[in-house]
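**Student:** First the structure, which I've put down as structure tokens, then a few questions once you've had a look.
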Amino acid sequence: MLSTKLLQDKVVLVTGASSGIGAATAALFAKAGANVVLAARRTDKLDAVREACVKANNAGQTGKGGRYASISLDMCDTDHVTKVFSRLPDWGQNVDVLVNNAGLAVGTDRVGDIKADAIDRMLDTNVHGLIHLTQQFVRDFKKRNTGHIINLGSIAGVNSYPGGSVYCASKAALHSFTTALRMELVDTAIRVSEIQPGMVETEFSLVRFRGDQSAADKVYEGIDPLSADDIAEEVVWAASRKPHVNIADVLILPTNQASSYHVSRK
Ligand code: 8X3
């Protein structure tokens, strides 16, 4: 089994930690013996994630980590994002791994019909918020010449599709930003990774279809989609490699998905 030993007692900050990939990732870091700062807009949902972290840490039996903090982070509020350091706990001032997971898609409307608030929410969360937050940590990581930024991209950033113009553009922007950042930091010890999932069954589609469960279910009908845990494993794997190993890009798809357009349903 691959070791996650290098994560023991490290400090990890996960955005969008209240559900789905973020929550699963936080728990898996806790299991590996890391201390985790859970960041989300909906802090009321973080209590359950915190409990899951405690359980996972016990199950991991590393005897390490065990510190968790819940902080509010509204990715659409630039001022709130840029003051993130003031909300970090004392033990979490020196973050080792930043997982930029917060992101969403709103609607499948075609260009011409996309609601202004949907455009703003997607670009503010997936692009602007992520950039503002990353800037805070890059400054700090540079001072300490350490740190790892793991960005959650998407197959949608590789192949765009009709009805996904803004979401796809946001993930393509994330990809370009991540690639340029990796280049800028090439002469440092700071690592920059991007995990690009395909279809993952989480609240993602429910949010996209504004709470319409049957529309959300249709997305995954007849295929065996990825789970939040599948992606958490990739994130934790990337974060736990030796310092000279940078997992640059990981495209992770369900076996019956080959691209945004190639999906085989039973
Ligand atoms: C989500 C993947 O294919 O639904 O990032 O756009 S997809």
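The values are calculated or read from the model by the stated rules, or taken from the named source; none is laboratory data. Please read all numbers here as calculations on a predicted model, not as lab measurements. Note that each Cβ is placed from the backbone with ideal geometry, even for glycine, and that neighbours are counted across all protein chains shown. Quick note on the areas: whole protein, heavy atoms, side chains included, nothing else; ligands and nucleic acids left out. Shrake-Rupley method; radii C 1.70, N 1.55, O 1.52, S 1.80 Å.
**Student:** For the stretch 244-266, name all the residues that are touching a residue at least 60 places away in the same chain (Cβ under 8 Å), part of a loop (DSSP other than H, G, I, E, B) and touching a strand residue (DSSP E or B) at 6+ places or on another chain (Cβ under 9 Å).
**Tutor:** Asn246, Ala248, Leu253
**Student:** Say we look at the stretch 1-26 and pick out the residues that are within 18 Å of the chain's Cα centre (by Cα) and among the β-branched types (Val, Ile, Thr); which of these is surrounded by the fewest Cβ atoms within 10 Å (Cβ to Cβ)? Steps first, please.
**Tutor:** Here is the first cut: in the stretch 1-26, the residues within 18 Å of the chain's Cα centre (by Cα) are 7, 10-26.
Next cut, among the β-branched types (Val, Ile, Thr) only: 11-12, 14-15, 21, 25.
Values: Val11: 22, Val12: 29, Val14: 29, Thr15: 27, Ile21: 30, Thr25: 29.
Applying the filter and picking the extreme gives Val11.
A quick yes/no check of all residues on (1) without any contact (Cβ under 8 Å) to a residue 12 or more places away in the chain; (2) closer than 15 Å to Val11 by Cα; (3) not in a helix (DSSP H, G or I):
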{"site": "Arg50", "(1), (2), (3)": "no, yes, no"}
{"site": "Asn57", "(1), (2), (3)": "no, yes, no"}
{"site": "Ile71", "(1), (2), (3)": "no, yes, yes"}
{"site": "His80", "(1), (2), (3)": "yes, no, no"}
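**Student:** Hey, can you tell me all the residues within the stretch 203-228 that are assigned to a loop (DSSP other than H, G, I, E, B), within 13 Å of the ligand (Cβ to nearest atom) and open to solvent by 40 Å² or more (accessible area, probe 1.4 Å)?
**Tutor:** If the condition is that a residue be assigned to a loop (DSSP other than H, G, I, E, B), within 13 Å of the ligand (Cβ to nearest atom) and open to solvent by 40 Å² or more (accessible area, probe 1.4 Å), then Glu203, Phe209 are the ones that fit.
**Student:** Say whether the condition of being under 14 Å from the mean Cα position of the chain (by Cα), of a type in the set (S, T, N, Q) and buried (at least 24 other Cβ atoms within 10 Å of the Cβ) is met by at least one residue in the stretch 48-66.
**Tutor:** no
**Student:** Looking at the stretch 74-95, is at least one residue open to solvent by 40 Å² or more (accessible area, probe 1.4 Å), within 13 Å of Ala40 (Cβ to Cβ) and in contact with a helix residue (DSSP H, G or I) (Cβ under 6 Å, 6 or more places away or on another chain)?
**Tutor:** yes
**Student:** In the stretch 136-176, how many are away from the ligand (no atom under 16 Å from the Cβ) and in contact with a helix residue (DSSP H, G or I) (Cβ under 8 Å, 6 or more places away or on another chain)?
**Tutor:** Summing the residues that are away from the ligand (no atom under 16 Å from the Cβ) and in contact with a helix residue (DSSP H, G or I) (Cβ under 8 Å, 6 or more places away or on another chain) in the stretch 136-176 gives 6.
**Student:** Going by what's in this entry, would Val200 be described as within 14 Å of the chain's Cα centre (by Cα), β-branched (Val, Ile, Thr), within 20 Å of Lys10 (Cα to Cα) and within 15 Å of the ligand (Cβ to nearest atom)?
**Tutor:** Spelling it out, it is not the case that Val200 is within 14 Å of the chain's Cα centre (by Cα), β-branched (Val, Ile, Thr), within 20 Å of Lys10 (Cα to Cα) and within 15 Å of the ligand (Cβ to nearest atom).
**Student:** Is it true that some residue in the stretch 229-241 is touching a Pro at 6+ places or on another chain (Cβ under 9 Å) and assigned to a loop (DSSP other than H, G, I, E, B)?
**Tutor:** No, that holds for no residue.
**Student:** Let me ask another. Take the residues of the stretch 27-47 that are out of contact with any Cys (no Cβ under 6 Å at 6 or more places or on another chain) and part of a helix (DSSP H, G or I): which is surrounded by the fewest Cβ atoms within 10 Å (Cβ to Cβ)?
**Tutor:** It comes out as Asp44.
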